[in-house]
Amino acid sequence: MLTSSQTDTIISQAFAHGVSEGLAPLCVAIIDAGGHLLALRRDHRASIGRPQIALGKAAGCLSLGVGGRTLAKMAADRPRFVDSLSSVLPNGCVPVPGGVLIRDDSGTILGAVGVTGDVSEKDEACAVAGLQAAGLVPDTGAA
């Protein structure tokens, strides 16, 4: 189970990484293993749709139990299937890097984080930085 201290750390460190790298304004969404929104923070300069995109990145990963990179590959290999997910999943599905599963040391999925605002690979780096700072294991779906 994710704690409020962990979610605070994930968000603050994801934002700090974005600032240190000079990235565009970010939005971070964190959901628990049941898909419930635990925390969301949007930089006031981030565009209006960023909360939904961040949530869609996290929800897509959690719904299929894979990181954003695997989800992106699935979208390339099976576009009709992945396209259909946005209409059947309650929080949509954005199949790109920046969606990261949150695991504990034993590999159990605790939830997912979605970061958006810059290019997907940079969004993912922010999510990874936040999760590592919180002592959690990021699963990006990279081989």
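The values are calculated or read from the model by the stated rules, or taken from the named source; none is laboratory data. Note that the structure is predicted; figures quoted are calculated from it, not measured. For neighbour counting, all protein chains shown are included, and Cβ atoms are generated from backbone atoms with ideal geometry for every residue, glycine included. Remember, those area values only see protein heavy atoms, side chains included, never the ligands or the DNA or RNA. Shrake-Rupley method; radii C 1.70, N 1.55, O 1.52, S 1.80 Å.
Sort through 106, 87 and tell me the only one that's polar (S, T, N, Q), over 16 Å from residue 138 (Cα atoms) and over 16 Å from the mean Cα position of the chain (by Cα).
On inspection, the qualifying residue turns out to be 87.
If I filter region 7-26 for residues that are more than 19 Å from residue 130 (Cβ to Cβ), open to solvent by 30 Å² or more (accessible area, probe 1.4 Å) and modelled with pLDDT of 95 or more, do I get at least one hit?
no
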